[in-house]
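We did not get these values from a lab; they are worked out from the coordinates using the rules stated. None of the values given here were measured: they were computed from a predicted structure. No Cβ is skipped: glycine too gets one built from the backbone with ideal geometry, and neighbour counts run over all protein chains shown.
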Amino acid sequence: MSEGYLIAGVDEVGRGPLAGPVVAAAVILDPERTIDGLADSKRLSPRRRDTLAGLIRGRALAWALGRAEVEEIDRLNILQASLLAMRRAVEALGVAPAKALVDGNRCPVLSCPVQAVVRGDATLACISAASILAKVSRDAEMAELDRSYPGYGLAVHKGYPTAVHLAALRRLGPSPIHRRSFAPVRELMRC
């Protein structure tokens with residue numbers, strides 16, 4: 001296959017949560033090994049996401065994850081941290097893409113041409129695949145962090161600002177994996 005056809009889909013997950021990293025994935029699909037059912041990860045059941053993630057890892061020409069840690073999110077801001085995670089995912093690919101298609105309306109700085117595609121996770125298979133890998137990876141990590149930081153319900157809400165999570169934050173205070181730059185956490189730090 002010509003390198004000119006190597007298009008990486010890129011997406012991130014974890015911009016809205018109050019805790020944990022932002023995780024991005026980059027995927028170069030193999031047109032000879034199609035995967036049925038790729039869609040926006042938010043529209044799929046956890047079981048279906050897990051199944052598709054295994055197929056993506058097994059059939060893609062290349063895939064990689066990138067992340068930005070809580071400290072980077074607090075220092076840079078969530079947008080810049082998300083772009084950093086996406087750049088790290090593309091840079092970690094074992095194959096250099098000829099172009100990257102990124103979900104959303106902002107592009108990270110990459111060594112290849114890059115194009116933002118609004119709602120790309122719902123319309124382009126390569127971005128859907130990246131969306132799925134990023135979500136499966138981050139969800140698994142949040143389940144692990146739930147064991148390290150019990151009482152917050154991280155395995156259930158994945159760090160998003162649900163009523164249960166906010167109540168736990170008020171009761172327990174922020175943990176080391178909570179984003180201090182996010183208003184609900186920052187307000188508790190003042191108390």
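Restriction of the trypsin sites (Lys or Arg not before Pro) in the stretch 122-191 to DSSP coil positions whose beta-carbon has at most 11 other beta-carbons within 10 angstrom yields no sites. Computed from backbone phi, the HN-Hα couplings of the stretch 18-27 come to 8, 9, x, x, 9, 10, 10, 9, 10, 9 Hz, rounded to whole numbers (Karplus: 6.51 cos²θ - 1.76 cosθ + 1.60, θ = phi - 60°; Gly and Pro given as x). The shape of the stretch 3-148 comes out oblate: with a ≥ b ≥ c from the C-alpha gyration tensor, a/c is at least 1.5 while a/b does not beat b/c. For the chain, adding -39500 (n - 2.57) for each run of n ≥ 4 DSSP H residues and dividing by the number of residues yields -13500 deg cm²/dmol at 222 nm.
Within the same chain, lysines fewer than 8 places from Lys158 are excluded, and of the rest, those with a Cα less than 20 Å from its Cα are Lys42, Lys135.
Relative to the dominant Cα principal axis of the chain, helix 163-172 is inclined by about 50°.
For the stretch 1-63, the list of trypsin sites (Lys or Arg not before Pro) that fall in a loop by DSSP and count at most 11 other C-beta atoms within 10 angstrom reads Arg33. Taking the C-alpha atoms only, the angle from helix 46-59 to the longest principal axis of the chain is near 40 degrees. The distance between label points at Asp50 and Asn105 comes to 3.7 nm (points 7 Å beyond Cα on the Cα→Cβ vector).
Distant-in-sequence amide contacts of Val114, defined by a placed amide H-H separation under 5 Å and a gap of 5 or more residues or a different chain, comprise Ala100. Calculate how many DSSP beta bridges within the stretch 3-148 are antiparallel, expressed in % of all such bridges and rounded to the nearest 5. The antiparallel fraction comes to roughly 60 percent. Using the Karplus relation 6.51 cos²θ - 1.76 cosθ + 1.60 with θ = phi - 60°, the per-residue 3J(HN,Hα) values for the stretch 143-157 come to 5, 5, 5, 4, 6, 6, 10, x, x, 8, x, 4, 5, 8, 9 Hz, with x marking Gly and Pro. Cα centroid separation, the stretch 17-34 to the stretch 116-179: 15 Å.
Just tell me the longest site-free run in the chain, where the sites are GluC sites (Glu not before Pro) in a DSSP loop having at most 16 other beta-carbon atoms within 10 Å. It runs 70-191. Angle of helix 78-92 to the longest C-alpha principal axis of the chain, folded into 0 to 90 degrees and rounded to 10: 40°. The phi torsions of the stretch 60-75, fed into the Karplus equation with coefficients 6.51, -1.76 and 1.60 and a -60° offset, translate into couplings of 5, 5, 7, 8, 7, 10, x, 8, 10, 7, 3, 4, 5, 4, 5, 7 Hz, rounded to whole numbers, with Gly and Pro shown as x. For Leu18, the residues whose modelled amide H falls within less than 5 Å of its own, excluding neighbours fewer than 5 places apart on the same chain, are Tyr160. Take the Cα of Ala116, step 7 Å toward its Cβ, do the same at Glu69, and the gap between the two points is 2.8 nm. Near the amide H of Leu124, within less than 5 Å, lie no amide hydrogens of residues on another chain or at least 5 residues away, with H placed in the peptide plane.
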